[in-house]
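In what follows, a structure is listed as structure tokens, so that the remarks can point back to it.
No value in this document is a laboratory result; all are computed from the given coordinates. Quantities reported herein were computed from a predicted structural model and do not represent experimental measurements. No Cβ is skipped: glycine too gets one built from the backbone with ideal geometry, and neighbour counts run over all protein chains shown.
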Protein chains: 2
Amino acid sequence: MSTSTMPLGPVLIVGTGLIGTSIGLSLRRAGVDVLLDDLVPGQAIVARELGAGQLVDEGAKPEIVVVSVPPRHAASTIARVSRAYPDAVITDVTSVKSAVLREAIDLGADARRLVGGHPMAGREVSGATAARVDLLDDRLWILTPGDSSAESLRLVQQLVTACGALAVEMSPEEHDRAVALVSHAPQVLSSVLAGQLVTADEAYVRVAGQGLRDMTRIAASDDQLWTDILSTNAGPVAEVLTSLIDALTVAREGLRAVSEGRSESTISEVLVTGADGQRRIPGKHGGAAASYESVAVVLADAPGELARLFAAAGDEGINTEDVRIEHILGRPSGLVEVFVSPDRGEALRSALRARGFDVRA
Amino acid sequence: MSTSTMPLGPVLIVGTGLIGTSIGLSLRRAGVDVLLDDLVPGQAIVARELGAGQLVDEGAKPEIVVVSVPPRHAASTIARVSRAYPDAVITDVTSVKSAVLREAIDLGADARRLVGGHPMAGREVSGATAARVDLLDDRLWILTPGDSSAESLRLVQQLVTACGALAVEMSPEEHDRAVALVSHAPQVLSSVLAGQLVTADEAYVRVAGQGLRDMTRIAASDDQLWTDILSTNAGPVAEVLTSLIDALTVAREGLRAVSEGRSESTISEVLVTGADGQRRIPGKHGGAAASYESVAVVLADAPGELARLFAAAGDEGINTEDVRIEHILGRPSGLVEVFVSPDRGEALRSALRARGFDVRA
């Protein structure tokens with residue numbers, strides 16, 4: 001009875017928040033049968049109305065169960081569905097792996113049928129209504145097989161592909177160290193930096209610029225969710241923090257040395273090393289995947305100016321990869337940077353100049 | 001012979017880089033006579049060609065001299081111009097104040113005629129060609145009078161106003177503590193965090209998302225300039241670093257407590273306090289000046305789509321305050337967030353829906 005174009009499904013999604021519902025939407029796009037379940041029945045109904053699948057029935061026989069519940073409830077939910085669906089392969093999307101998988105197995109989950117997972121997606125918003133069919137497209141989706149059978153792993157890899165994502169294998173421990181480094185410890189750092197502002201003089205805070213704004217943006221994240229995440233990955237995050245504390249202490253001693261008239265070499269090295277590390281990050285401002293060219297334009301701060309700018313780019317068939325608007329004192333200034341493929345930078349500059357735009361370096 | 005509409009000038013600008021040339025451009029806009037000087041004569045000529053003023057002659061009698069040279073050369077330059085122009089008021093634009101002003105006076109600068117300054121402007125680029133006539137518009141421009149005469153202070157305040165900026169007074173020590181907190185220590189933090197990536201496994205770095213990208217953006221800044229800045233403000237920056245190290249140590253101990261089965265209250269408090277601090281920052285994502293509303297739209301990743309979006313906003317007379325394009329794996333995704341005044345959010349959503357856009361929460 002399946003309308004699937006792939007030999008996959010039905011897939012049962014337990015927990016229809018942002019990630020669960022987005023997985024449902026992308027699986028439906030691929031023609032996979034999707035069943036939906038949520039502790040809060042209304043949530044599953046919202047996901048169904050969005051087109052993420054059908055509500056699960058008693059006696060359903062899912063081939064795969066995707067557990068996408070908050071970190072705090074992940075292990076117990078995995079163990080529960082492992083018992084409830086003894087023929088299904090189970091995967092989860094929890095952003096911490098070792099502790100959750102170990103606890104799930106301790107609670108009775110079948111390790112052979114369990115494949116840990118973590119799609120590298122997410123937004124600063126949550127809930128089914130924020131879900132998107134393309135949320136997982138081209139994303140990395142880390143799988144941490146552990147003691148999974150080869151057949152279980154193969155099925156979950158198929159699921160990842162059906163969602164449009166790229167499966168990458170790591171051990172649960174490697175995964176947890178990786179996210180501690182690139183996501184969890186930076187979250188703590190951002191919160192700690194922003195925390196310094198609580199007792200700061202108003203005159204000091206007023207002087208804040210774009211650098212501080214960028215560095216404290218994620219300090220606004222959901223504190224309950226992050227308490228869960230950090231608590232579940234406490235060991236690896238504490239290790240990265242130790243490393244950061246050591247490096248900051250070196251930097252501070254370097255500054256004290258300068259105060260005492262000694263060499264600037266330590267602080268200079270901190271800055272040079274930081275620039276080296278920054279270049280390794282994939283994305284527009286560094287690394288191999290990076291290389292966009294910036295075209296800077298001074299605009300009148302008035303309705304329609306951005307439209308005129310992007311219309312010019314569109315007319316030339318130039319795709320705009322990113323936009324950055326400078327802010328001063330919390331107000332946008334007239335400087336807009338448009339990022340385009342390096343081979344289109346000059347074409348865009350010419351097109352904009354021809355239309356009377358004030359194009360800068 | 002002055003064409004000035006204000007009783008100000010001529011103003012001599014010593015050092016025609018980004019800030020010096022921008023000051024020249026905005027003073028010329030206000031009708032003030034501007035003279036230009038640079039250690040590298042070609043640089044002053046570039047500034048003149050851009051319209052920032054005339055090259056200085058032997059025997060010039062400036063009313064104000066603005067020293068806008070790299071931090072390393074600021075004190076000696078201030079002392080030199082104080083002797084060369086015994087009737088002029090001297091100000092500078094160096095991003096560190098106490099050490100520079102003290103050293104300048106030690107080298108013979110006249111404290112009564114010297115008013116320290118620091119315009120809170122700047123870009124990730126440098127040089128005269130990056131200068132803009134509006135770089136200083138509506139910016140805070142901190143003045144640190146110290147032992148200046150009232151007349152000297154009044155003249156420099158007039159200069160700041162003529163540039164379109166807002167003068168704010170602080171003591172040199174307050175200034176240095178403020179920028180240590182909101183600019184210099186965050187720079188070290190960003191560099192130290194990015195520095196952790198140098199030796200990290202490629203698989204780990206690959207997992208990096210927007211949060212890490214934001215937090216390490218300023219790690220790409222000019223290391224020589226920042227070695228100068230940090231060295232000149234070493235004491236106050238070291239103090240903020242101590243505070244950050246202490247707070248990170250508390251966070252780490254909180255995580256270790258969780259590892260050992262104890263309470264999550266410490267780590268939760270770090271996150272809550274961070275969110276509180278973040279809200280104090282003026283700008284779009286927090287604070288009083290903040291309050292823009294975000295309208296999220298899913299776009300086809302094709303030329304012309306952004307233009308269509310902004311044209312819709314422009315047609316409705318809605319000014320776009322900021323734009324944010326989500327990135328995945330360094331590629332832009334289809335999700336664009338447009339920030340507008342809170343009273344225009346619903347109007348924009350309706351206008352976009354009416355044109356067939358996929359508008360989200």
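Data table
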{"read-out": "Debye, to nearest 20: dipole size of region A:176-279, +1 on Lys, Arg Cβ, -1 on Asp, Glu Cβ", "value": "200"}
{"read-out": "Estimated D of region B:54-201 in µm² per second, where Rh is the Kirkwood radius over Cα pairs and Stokes-Einstein applies at 37 °C, 0.692 mPa s", "value": "199"}
{"read-out": "With Cα atoms, 0 to 90° folded angle of helix A:223-232 axis to chain A main axis", "value": "70"}
{"read-out": "Selection from A:199, A:296, A:171 lying farthest towards where the dipole of chain A points positive, charges on Cβ", "value": "A:296"}
{"read-out": "Cα-based helix-to-principal-axis angle, B:18-29 vs chain B, degrees rounded to 10", "value": "70"}
{"read-out": "Cα gyration tensor shape for region A:106-147, rounded if a/c is under 1.5, else prolate or oblate", "value": "prolate"}
{"read-out": "Exposure proxy ranking, count of Cβ atoms within 10 Å, fewest first, for B:340, A:66, B:237, B:205", "value": "B:205, B:340, A:66, B:237"}
{"read-out": "Cβ-placed point charges (K, R +1; D, E -1), dipole of region A:11-170 about Cα centre in debye, nearest 20", "value": "160"}
{"read-out": "Total formal charge among the other residues, if their Cβ is under 10 angstrom from that of residue B:26, Lys/Arg +1 and Asp/Glu -1", "value": "+1"}
{"read-out": "Relative contact order, percent, region B:4-43 [alpha-carbon distance under 8 Å, six or more residues apart]", "value": "54"}
{"read-out": "Nearest-20 debye value, the protein assembly as shown charge dipole, Cβ charges on Lys, Arg, Asp, Glu", "value": "620"}
{"read-out": "For region A:246-282 versus region B:51-101, the gap between their alpha-carbon centres in whole angstrom", "value": "30"}
{"read-out": "Distribution of pairwise C-alpha distances over region A:176-279, 10 Å bins, in %", "value": "13, 34, 37, 14, 1"}
{"read-out": "Between 0 and 90°, nearest 10: helix A:71-84 axis offset from chain A longest Cα axis", "value": "20"}
{"read-out": "Under 5 Å, built H, 5+ apart or other chain: amide partners of residue B:169", "value": "B:143"}
{"read-out": "Three-way shape call for region B:11-115 based on the alpha-carbon gyration tensor, with the a/c threshold at 1.5", "value": "prolate"}
{"read-out": "Radius of gyration and Dmax over the Cα atoms of the protein assembly as shown, both given in Å", "value": "28.1, 97"}
{"read-out": "Neighbour-count ranking [beta-carbon atoms within 10 angstrom, fewest first] of B:228, A:214", "value": "A:214, B:228"}
{"read-out": "Computed over chain A: relative contact order in percent, which uses C-alpha pairs under 8 Å that are six or more apart", "value": "11"}
{"read-out": "Lys/Arg +1, Asp/Glu -1 at C-beta; region A:11-170 dipole; positive extreme among A:120, A:69, A:53", "value": "A:120"}
{"read-out": "Copies compared at residue A:102 - label distances in nm, ascending, label defined 7 Å from Cα in the Cβ direction", "value": "5.2"}
{"read-out": "Inter-centroid distance (Cα atoms) of region B:179-202 relative to region A:340-354, Å", "value": "33"}
{"read-out": "Helix-derived mean residue ellipticity, 222 nm - over chain B, DSSP H n ≥ 4, -39500 (n - 2.57), to 500", "value": "-13500 deg cm²/dmol"}
{"read-out": "Candidates per GluC sites (Glu not before Pro) in region A:183-264, loop by DSSP, up to 12 other Cβ within 10 Å", "value": "A:260"}
{"read-out": "Taking N as its residue count, the alpha carbon Rg of chain A over 2.2 N^0.38 Å", "value": "1.18"}
{"read-out": "Exposure proxy order (Cβ contacts within 10 Å, fewest to most) of A:106, B:110", "value": "A:106, B:110"}
{"read-out": "Neighbouring partner chain Cβ atoms per residue of A:227-235, average, 10 Å criterion", "value": "6"}
{"read-out": "Sequence-distant residues sharing a close amide H with residue B:12 (under 5 Å, placed H)", "value": "B:35, B:63, B:64, B:65, B:66"}
